[in-house]
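One structure below.
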Ligand SMILES: [Cu+2]
């Protein structure tokens, strides 16, 4: 790609102890420029079948992606296809069509997981995130809680002091553009994070496959809006879901909360403790919500975004800044970057030096 910069995200790998290798442009690294090379080094964990794709612009939807299979190390006990089994792996490109809720749920199921110890805790921190397109007519950007993501101009992980995380202009009643980040930590090793991810309110009408970097999480609940026999949304007193209350008069739902206050702080009464699927990406149904749980055991800057490229590049993403005090240092000489105001002189200087180089080489 002689005209594009790029980065590669190793989807499915958690990058614990190497968060700078997660491959998100302007979040974990600077883009790799045309003509440059960059070597990713990381532990291949967890094992399984996933894929790699660029994390810069819309390059994935244009075909830059492939399979990524982590095989077990000798001695690791896993269920593998037996000799003679007919096994193949398929990878498919996006195809937008009407999603069927049963099909979506069945796709998530793989096996029973015993998670009683992992995400059951007395200390649950609950956070609501609404992935949607709220706003006024003509200005309805992709956003999370009304924040249209503004990518930093540096590698946020490697150059944290140069990132402007100020989102003070945002409120429950306004949408704004900023580098939205929420900090979580593991000061208490037993603490569990419960995210309530919705696609509700005025900016709903799409379902969003939301991907959290750095983690697998447990899907504790998936709730769909109510539809009639002709697939039309049935309004529930003006709200998409009867469980969540949107407090602002614009119905942006950037400051959502449970209608039933006794559900707060992780006390939703109907979570799936028997066989919650373990995922790193989950569909948020239009007009519905999903509850996920995980522990903050992967220090780094974890991008959290809709995996539809056009939604993501439109601003439907944010940073989970995880355990800032425990984040490992980047390797020596890790590439850094910055921006400059283009007054034309730099371009001219570059062109002249390029021409000079060309003449010098002939
Ligand atoms: Cu989306």
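The values are calculated or read from the model by the stated rules, or taken from the named source; none is laboratory data. Remember, predicted model here, so these are calculated numbers, not experimental data. Note: ideal-geometry Cβ built from the backbone for every residue, glycine included; neighbour counts use all protein chains shown.
Of the residues that sit in segment 326-338 and are under 22 Å from the mean Cα position of the chain (by Cα) and part of a loop (DSSP other than H, G, I, E, B), which one is nearest to the ligand (Cβ to nearest atom)?
327
Criterion first (assigned to a loop (DSSP other than H, G, I, E, B) and more than 29 Å from residue 266 (Cβ to Cβ)) does residue 169 satisfy it?
Judged against the criteria, residue 169 is a match.
Only residues that are more than 16 Å from the ligand (Cβ to nearest atom) and not in a strand (DSSP E or B): list them for segment 188-212, please.
Residues satisfying the conditions are 188, 189, 190, 191.
Rundown of residues vs (1) closer than 15 Å to residue 323 by Cβ; (2) surrounded by 19 or more Cβ atoms within 10 Å (Cβ to Cβ); (3) touching a helix residue (DSSP H, G or I) at 6+ places or on another chain (Cβ under 9 Å), yes/no style:
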residue	(1), (2), (3)
175	no, yes, yes
180	no, yes, no
187	yes, no, yes
197	no, yes, no
201	no, yes, no
207	no, yes, yes
217	no, yes, no
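Does segment 135-151 hold any residues that are part of a loop (DSSP other than H, G, I, E, B), under 18 Å from residue 24 (Cβ atoms) and more than 14 Å from the ligand (Cβ to nearest atom), and which are they?
150, 151 - these are the residues of segment 135-151 that are part of a loop (DSSP other than H, G, I, E, B), under 18 Å from residue 24 (Cβ atoms) and more than 14 Å from the ligand (Cβ to nearest atom).
Out of all the residues in segment 40-61, which are surrounded by 12 or more Cβ atoms within 10 Å (Cβ to Cβ), more than 19 Å from the chain's Cα centre (by Cα) and not in a strand (DSSP E or B)?
Residues satisfying the conditions are 40, 42, 43, 44, 47.
Take the conditions within 16 Å of the ligand (Cβ to nearest atom) and at pLDDT 90 or above and apply them to residue 300. Does it pass?
No: the conditions fail for residue 300.
Out of (1) away from the ligand (no atom under 16 Å from the Cβ); (2) surrounded by fewer than 18 Cβ atoms within 10 Å (Cβ to Cβ); (3) at pLDDT below 90, the odd one out for residue 104 is which?
(1) is the only condition that residue 104 fails.
For residue 249, only one of the following conditions fails: (1) within 16 Å of the ligand (Cβ to nearest atom); (2) modelled with pLDDT under 90. What is its number?
(1)
Which of the residues spanning segment 274-301 are touching a helix residue (DSSP H, G or I) at 6+ places or on another chain (Cβ under 8 Å) and either over 20 Å from residue 180 (Cα atoms) or without any contact (Cβ under 8 Å) to a residue 24 or more places away in the chain (or both)?
Passing the criteria: 277, 279, 282, 283, 285.
May I ask you to say which residue of 223, 182 is more than 16 Å from the ligand (Cβ to nearest atom), over 19 Å from residue 147 (Cβ atoms) and within 21 Å of the chain's Cα centre (by Cα)?
Just a single option satisfies the conditions, and that option is 223.
Does residue 161 satisfy the condition of being surrounded by fewer than 15 Cβ atoms within 10 Å (Cβ to Cβ) and part of a loop (DSSP other than H, G, I, E, B)?
Spelling it out, it is not the case that residue 161 is surrounded by fewer than 15 Cβ atoms within 10 Å (Cβ to Cβ) and part of a loop (DSSP other than H, G, I, E, B).
How many residues are more than 11 Å from the ligand (Cβ to nearest atom), within 15 Å of residue 27 (Cα to Cα) and part of a helix (DSSP H, G or I) if we restrict to segment 303-325?
Residues meeting the conditions: 1.
Mind listing whichever residues of segment 114-155 are more than 21 Å from residue 210 (Cα to Cα) and touching a residue at least 60 places away in the same chain (Cβ under 8 Å)?
115, 116, 118, 120, 121, 122, 123, 124, 153, 154, 155, listed by residue number.
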